[in-house]
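Inspection log for the structure reproduced underneath, given as structure tokens.
The values are calculated or read from the model by the stated rules, or taken from the named source; none is laboratory data. Model, not experiment: these values are computed from the prediction. Here Cβ is always computed from backbone atoms with ideal geometry, including for glycine, and neighbour counts include all displayed protein chains. With ligands, DNA and RNA removed, areas are computed over all heavy atoms of the protein, side chains included. Shrake-Rupley method; radii C 1.70, N 1.55, O 1.52, S 1.80 Å.
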Amino acid sequence: MPVGLFRVCLVVITAIINHPLLFPKENGTVPENAEEIIQKMKEREEILRLEQLRLEQEIADQEARQKTLENAAEVVEEKKEEKVRWDMWTALSMVIFLLIELWRQDFQEANWQDTGGEEDDMAVLGKAFKGVAFPDKAVLASFYEKRILGTTGDMARMREMVEGFADDLLEALRSVCNRDADMEVEDCMGVGSMYENWRVRKPFVCDLIVPFAPPEPYCFRSQIWCSGDPFPPDEQGYGTIKVCRADEDVTGCICDKTKLGEDMLCLLHSQANTTRPSNEMEDLLCFKNTQYLDADQVMKWFQIAVTKAWNRISHKYEFDLSFSLLDSPGALKIKFRSGKSIAFNLTPVVQYENSDVYFISHFPRSSLAADVPSSTHWFLTFAVYERRFIQLVSKTLPANACHVSCLQILSFLHGKQCSLTGPSGLTNYHLKTVMLHLLQARPSQDWAPEKLEARLQDMLKFLEKCLHEKKLYHFFIGNGKIPAELGFPIIFQRAEPLNLFRPFVLRRDVYRKTVDTFHEMLRNTSALINEYTVHIPLAHTNGIHKGSL
């Protein structure tokens, strides 16, 4: 306890002794140090004040920037809201427009075959006919009898001669071919205007198609644009043909679609079956390194085979045979010693499944025809069904019905006009398609012979409407009203309608030329018919009338 008190007293005494106020003279540096400290404190205070001002300025600037950013964000947000509102209105407008367009197309496609069925519909058309002089019934009847009807006998004799020679030529072709390695050629069939009895312009040309099949154990497996797999728009109406072994799975093994690796083997197929030498497939007329039938290879093979066949039987005939057109590989010409000649087309085709639809290797070219996508794409022809349909409908029509007469006159007029002003995008196939549509749309009694003038005008009006809309649908594709008696494949009836005038949308120059040629033909109709009509009584010639149809 005493020791603790002592320590406290010692601390108090030491503090008193060292206090500066008790000994001012001994510690004379205190005031100087105090002033120095005060000066430093002032300087520090000034520095802190400046730092405070700087920080306040920075804070103010930061607040200003933040406010600017907030204002900009508000503007952007307002623009986004406006854009969203605008996009919503744009999208809604587009949806409404698309719905209207789809409804319009569905409505047109649902009624695409009924265009010629009502006189009221026809009355709306025919703007190009205003002021056009059109021949009357007497002039048309005389023209048809004197100018067109006389060619029927010539066509019959020519068909008989060409068919007999073609059968002999194909029989010789089979004899020169290797039955174990070459394609198997079947009997030919006549198609087109010569066999539908409406060809009018010379030279007469017979169109014959020759189905062929691969040698055993191979077979053809085809794929068409409407079979389910997507095809580009420019490949509508085409298909591909794959050369397969008859025992090969139709759907194909997964080993053909997946890389199994070098050390793996498919248990379903041996190495010999899964890999085929490229030269073997080329011998089967396939495109290089593929299994798809090549149209160019087929035509080369066919030309060589026909040449060999002709060399075998040429001694039997007193005429020469040659290929006449470079751009049409199946075009043949018979040249007699007298100088006369007969042309015909002999074109190889492949049957589509078990129907009478055929893949055709080469199709007659026109200014409207689009380029073939590739040599492995084959165009489909429905010529056999077209001939059968005309024959079937003809049985229900009045005697001497005028449907063929209308087509013949229209084909003649268009051909004469093209010889004057140059070719157009229209072909005889388009004209026949117009007739097929009207045959299906109009009652049988409307095709009586005395109604030739009215039906011819209907065909011209229908064609005018199709040209105006740039739409002429293929008669069979997408047509659900095909008679069941024809046995037409249902897959084509359920397909989307195929617009034969689609190229007009892409080629404006051809479209303009075609329309001008059509209008010129209308204006020249009376003159063209009168020019080729043998003398008609004055009362009839004066019967030509003018008027809008």
1/(1 + (r/R0)^6) with r = Cβ-Cβ of residue 157 and residue 351, R0 = 35 Å, i.e. FRET efficiency to nearest 0.05, evaluates to 0.70
Assuming R0 = 60 Å, what is the FRET efficiency of residue 420 and residue 70, from their Cβ-Cβ distance, to the nearest 0.05? 0.15
What percent do you get for the relative contact order of the range 461-508 when only Cα pairs under 8 Å and 6+ apart count? 44
In whole Å, what is the distance between the alpha-carbon centres of the range 430-468 and the range 176-241? 29
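Given a Förster distance of 45 angstrom, what is the FRET efficiency for residue 505 paired with residue 187, based on the Cβ-Cβ distance and rounded to 0.05? Can you show the working numbers first?
Numbers: r = 40 Å, r/R0 = 0.90.
E(calc), rounded to 0.05, equals 0.65.
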Would you calculate the separation in nanometres between label points at residue 394 and residue 175, each defined as 7 Å from the Cα along the Cα-to-beta-carbon direction? 3.5
Highest mean first, what order results for 490-503, 386-399, 204-217 on Cβ atoms within 10 Å? 204-217, 490-503, 386-399
Compute, for residue 142, the solvent-accessible surface of its heavy atoms (probe 1.4 Å) with the complete set of protein chains present, and express it in square angstrom to the nearest 10. 20
Sticking with the crude label model, points 7 Å out along Cα→Cβ, report the distance from residue 494 to residue 468 in nm, one decimal please. 3.6
With the crude spin-label approximation of a point 7 Å out along Cα→Cβ, what separation in nm comes out for residue 481 versus residue 227? 3.1
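Which length gain, in nm to one decimal place, applies between residue 374 and residue 49 when the Cα-Cα distance is subtracted from 0.36 nm times their residue separation?
Working: separation 325, 0.36 × 325 = 117.00 nm, distance 8.65 nm.
Stretched out fully, the residue 374 to residue 49 stretch lengthens by 108.4 nm.
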